[in-house]
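The values are calculated or read from the model by the stated rules, or taken from the named source; none is laboratory data. Worth saying up front: this structure is predicted, and the values here are computed from it rather than measured. With ideal geometry, Cβ positions are generated from the backbone for all residues, glycine too; neighbour counts draw on all protein chains shown. Surface areas here come from the heavy atoms of the whole protein model, side chains and all, with no ligands, DNA or RNA. Shrake-Rupley method; radii C 1.70, N 1.55, O 1.52, S 1.80 Å.
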Amino acid sequence: QFSVLLFLANLDSLYIAPFDEIFKLKTLMLFGVSQLLILIFSLLFLNEFFKAYEIRQLKIVIQSILYIALFDMLLTLVFSHNVVTKFLPIFIFIWLVLSEANRLVSRRDVAFNLIMVGWYVVLLVVLFEYMGFINFTGIIFPFLHIAFSLESIFLSIAISYKFKLLEKENQLQQTLLYQKARMANIGEMVSMIAHQWRQPLHYISFGLMNLKSGLQNNEKGLDILKKLHEQLKYMSNTIEDFRNFYNPSKAKITFSLYESSQCSAKIVKNALDIAEIVLQIDVKEDCTLYGNQNELEQVVLNLINNAKDAHIERKTVQPYIKIIIQKEMMTIQDNAGGIKDLMLR
């Protein structure tokens with residue numbers, strides 16, 4: 001904005017009386033320097049603004065033009081007039097950056113559109129001035145001054161909106177970090193519980209083996225011992241399932257969609273049995289995915305728990321939850337009555 005102010009004051013001093021006496025900036029060298037300052041600071045601004053869109057090619061274009069502008073500034077200070085921008089006006093370089101941004105950026109938000117509109121307003125007026133269209137009409141009006149003022153308004157709104165978006169993104173990142181820390185704490189707690197449970201489970205298993213040797217001819221007793229062994233194995237597997245579920249690891253692996261849904265179902269099996277809710281997993285065609293299995297299992301578990309809570313709250317008759325796997329699509333259904341429109345709003 002300072003560069004624009006310097007440019008307009010110098011422009012008025014050169015071509016409009018009595019500003020030549022008021023501003024006392026009637027020098028072509030200062031006129032060239034102010035243009036180059038507009039270009040340099042505009043490129044720096046656009047480079048910072050477009051960083052959020054992560055377009056490497058655009059950054060290369062901006063940096064290349066910036067080097068040209070700095071080189072031309074050096075030549076201007078040596079020869080007292082522009083060399084490069086004398087033949088290629090600065091609006092050509094700005095237009096090139098904006099056109100590349102328009103071509104490369106696919107995720108456009110309101111801030112991006114405001115920046116583009118603000119700059120294109122200025123470029124359009126500058127182009128008309130440069131081609132002599134405005135002088136040809138004979139209209140005397142400070143179009144360029146108004147265009148730069150409008151651009152300042154658009155840039156201010158765009159920056160404010162961008163700050164708002166960044167604030168929302170930061171809040172989302174904070175929430176995700178909190179959730180990750182919470183999952184890590186739960187995983188650590190489950191690991192401690194598992195460690196404490198292992199020894200008693202081994203001790204009980206050893207005791208059942210001793211009892212088995214004394215019940216060789218007692219079929220009823222052996223059957224009870226067999227069931228007790230199955231329960232111990234189930235408890236041990238359940239502990240391991242919880243440890244794996246709350247593992248905060250982000251390692252990507254290839255896993256089966258069916259096996260992943262099975263792991264989630266195991267976690268809530270007892271809770272569903274107590275509530276007398278039937279969970280069905282219908283595999284029409286299994287699918288293997290490459291990604292974070294743990295995160296998918298957490299999503300499935302949350303959906304099952306939500307359905308379970310809805311069944312309990314509404315006292316559904318013959319409640320069920322059905323997971324349907326067909327190729328690369330997983331569908332989770334229930335007969336709990338759905339979500340009310342009011343809740344969706």
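Here the simple spin-label model places points 7 Å from the Cα toward Cβ, and for His229 and Leu28 these points are separated by 10.2 nm. Sequence-distant contacts, meaning Cα pairs under 8 Å at least 6 residues apart, place the relative contact order of region 54-181 at 24 percent. Measuring nothing but how far apart in sequence close Cα pairs (under 8 Å, 6+ apart) lie, relative to its length, region 256-307 scores a relative contact order of 58 percent.
Going by alpha carbons, how many degrees (0 to 90, nearest 10) lie between the helix axis of 110-131 and the longest principal axis of the chain? With both axes taken from Cα atoms, the answer is about 20 degrees. Residue by residue, region 327-333 carries 3J(HN,Hα) couplings of 6, 9, 10, 10, 10, 10, 10 Hz when phi is fed to the Karplus relation 6.51 cos²θ - 1.76 cosθ + 1.60 (θ = phi - 60°); x denotes Gly or Pro.
Enumerate by residue number the trypsin sites (Lys or Arg not before Pro) in region 86-165 meeting two conditions: DSSP loop (anything except H, G, I, E, B), and at most 11 other Cβ atoms within 10 Å of the site's Cβ. Mind showing how you got there, number by number?
Working: sites: Lys86, Arg103, Arg107, Arg108, Lys162, Lys164; in loops: Arg107, Arg108.
Sparse-neighbourhood loop trypsin sites (Lys or Arg not before Pro): Arg107.
With the simple model of a label 7 Å out from the Cα in the direction of the Cβ, Gln326 to Phe206 spans 5.4 nm.
Helix 293-314 and the longest principal axis of the Cα set of the chain meet at an angle near 70°. Between Gln199 and Gln179, the contour length at 0.36 nm per residue exceeds the alpha carbon distance by 4.1 nm. Only protein heavy atoms count here; under a 1.4 Å probe, Asp223 has an accessible surface of about 70 Å².
Close amide H partners of Cys287, meaning residues 5 or more places away or on another chain with modelled amide H under 5 Å apart, are Leu257, Tyr258. The stretch between Arg108 and Ser213, if pulled fully straight at 0.36 nm per residue, gains 30.4 nm over its current Cα-Cα span. The H on the amide N of Ile281, modeled in the peptide plane, is under 5 Å from the matching H of Ile323, each at least 5 residues off or on a different chain. Couplings 3J(HN,Hα) for region 46-55, derived from phi with the Karplus relation 6.51 cos²θ - 1.76 cosθ + 1.60 (θ = phi - 60°), are 5, 4, 5, 5, 7, 4, 5, 8, 6, 10 Hz, where x marks Gly and Pro.
Pairs of alpha-carbon atoms within less than 8 angstrom and 6+ residues apart define the contacts here; what relative contact order does the chain have, in percent? Mind showing how you got there, number by number?
Values: 309 pairs, mean separation 33.5, N = 345.
This gives 10 percent for the chain.
Annotation note: GluC sites (Glu not before Pro) in region 262-345 located in DSSP loop regions with a Cβ neighbour count of at most 14 within 10 Å are Glu276, Glu328. For the chain, the longest principal axis of the Cα atoms and the long axis of helix 219-245 meet at an angle of about 10 degrees. Where (1) 17.9; (2) 15.5; (3) 30.0 are the candidate values, the label of the one calculated here for mean projected area of the Cα convex hull in nm² is (3).
In the chain, the DSSP-assigned H stretches of four residues or longer account for a calculated mean residue ellipticity at 222 nm of -25000 deg cm²/dmol, using -39500 (n - 2.57) per stretch and the full residue count as denominator.
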